[in-house]
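Single-structure report; data block below.
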Amino acid sequence: MTPPRSSNRKRVLVVHTGGTLGMAQPSRTRLDLAPGEHLDRMLTHVPELKEIAEIELVLPWNLDSSDIGPSHWQSLARIIANRAGLGQPRGQEGCFDGVVLIHGTDTMAYTASALAFMLRGLDRPVVLTGSQRPLEAWRSDARANLTAAVECATMDIPEVLIVFGDSVLRGCRSTKADSNDYQAFEMPSDAPLGRIGVDVEVDWPRVRVPTEGFSLQVDLDPSVVALTIFPGLDPESMARVLGPDVHERMRALVVRGFGVGNVPMQGRMNLLPLLHSLTSAGVQVIVSSQCHRGRTDLGLYPAGRALLEAGAVEAHDMTLEATVTKAMWALARRERTLGEWFAVDVAGEVSLGTGDRRASASD
Ligand code: ASP
């Protein structure tokens with residue numbers, strides 16, 4: 001048996017993946033530093049991190065987040081689970097109390113959502129953060145974001161979080177809402193989980209409690225495509241773009257419909273025949289709303305009802321980031337159909353309608 005830790009100090013594993021936070025000023029070029037040098041640099045600029053916790057840094061790669069995708073999410077989930085000792089008692093020698101992931105802001109919400117699905121039964125915080133200005137730039141937001149993220153990683157919040165600006169957000173509900181503002185992330189369909197002011201104030205009753213033991217579920221099927229419809233979209237051109245053997249390359253299509261999930265159903269713009277042909281070829285159609293604070297309700301209008309009849313499933317109030325990553329994760333998990341996975345809440349990503357609100361992934 002591994003012995004308990006000798007010191008009571010909290011331990012936080014920092015995983016640096018890239019993004020603006022670690023870039024050189026003023027050119028925003030990548031700094032290829034070894035993990036030790038990078039940690040020294042971080043602690044020189046943010047010395048208070050040492051007061052909050054004992055820090056260890058790993059640097060699997062240093063990328064702009066536009067270049068981070070499903071294979072990186074899988075590696076990150078493995079690194080976090082193995083290095084932090086997820087599923088093992090936190091006070092055990094070598095284990096960490098929480099994890100901070102430094103990540104570019106552009107695709108941070110996708111990585112956070114993917115990790116929330118892959119780290120099932122998560123038992124400690126995994127906190128993503130980054131910044132709009134590099135750490136060394138004057139008036140940078142990096143120092144405050146990093147400090148708040150490490151502090152949150154020492155708390156008892158067993159969720160994948162995004163900590164940025166003054167917000168503590170559920171990762172799989174978040175989206176990058178501003179490309180310049182220091183309050184860059186939002187949870188469009190729910191209130192933040194916490195606020196950072198003089199104190200970190202957490203809405204504790206809403207923090208998720210694991211209902212199952214930890215398991216690493218990294219399988220993903222990335223054959224998912226998202227389509228934002230617009231007035232004038234020609235279904236025939238769309239069909240030509242997709243090609244005749246589309247079902248061999250695409251297993252799920254996320255259609256970002258209007259309002260509660262409507263699509264055109266009259267004249268040349270009628271999208272229903274195309275969607276019908278896709279579902280009959282075995283492509284799962286998922287309908288989401290392109291409204292910033294959208295929630296689908298396909299039963300409300302004839303177009304939505306036709307989509308339901310064609311076998312489409314609803315994204316409810318999920319963000320695009322959660323919808324796409326949940327589809328990739330669900331397609332790889334054969335114990336339920338994709339439609340069944342979309343009717344349950346796996347990681348706090350969705351509020352279901354009154355009829356199915358109580359459904360959860362462990363039912
Ligand atoms: N392009 C950067 C990235 O996402 C932007 C940032 O970090 O804010 O990696």
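The table for this structure:
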| quantity | calculated |
| --- | --- |
| Among Leu49, Ala81, Val99 the positive-end extreme of the charge dipole of the chain (Cβ point charges) | Ala81 |
| The chain: angle of helix 35-45 to the longest principal axis, Cα-based, in degrees nearest 10 | 80 degrees |
| Cα-centre dipole for the chain with unit charges at Cβ (Lys and Arg positive, Asp and Glu negative), debye to 20 | 220 debye |
| Within a Gaussian network of the chain (alpha carbon springs, distance under 10 Å), most fluctuating of Pro235, Pro35, Pro26 | Pro26 |
| The chain: calculated mean residue ellipticity at 222 nm from DSSP helix runs of at least 4, using -39500 (n - 2.57) | -7500 deg cm²/dmol |
| Nearby lysines by direct alpha-carbon distance to Lys50 (threshold 16 angstrom, same-chain neighbours under 8 apart not counted) | Lys10 |
| Share of carbon and sulfur in the accessible heavy-atom surface of the chain [1.4 Å probe, %] | 51 percent |
| Gaussian network model of the chain, Cα within-10 Å springs - most flexible of Val225, Val285, Val254 | Val225 |
| Among 166-173, 189-196, the order from most to least packed when residues are scored by Cβ within 10 Å on average | 166-173, 189-196 |
| Chain lengthening between Tyr182 and Arg240 when straightened (0.36 nm per residue, less Cα-Cα) | 16.7 nm |
| Rounded to 5, the percent of DSSP beta bridges in the chain classed as antiparallel | 35 percent |
| Nearby lysines by direct alpha-carbon distance to Lys176 (threshold 25 angstrom, same-chain neighbours under 8 apart not counted) | Lys326 |
| Cα-based shape type of the range 1-151, given that a ≥ b ≥ c are square roots of the gyration tensor eigenvalues and the cut on a/c is 1.5 | oblate |
| The chain shape via C-alpha gyration tensor axes, a/c threshold 1.5 | prolate |
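The values are calculated or read from the model by the stated rules, or taken from the named source; none is laboratory data. Just so you know, these numbers come straight off a predicted model, no measurement behind them. When we count neighbours, we look across all protein chains shown, and the Cβ atoms used for this are built from the backbone with ideal geometry, even at glycine. Surface areas here come from the heavy atoms of the whole protein model, side chains and all, with no ligands, DNA or RNA. Shrake-Rupley method; radii C 1.70, N 1.55, O 1.52, S 1.80 Å.
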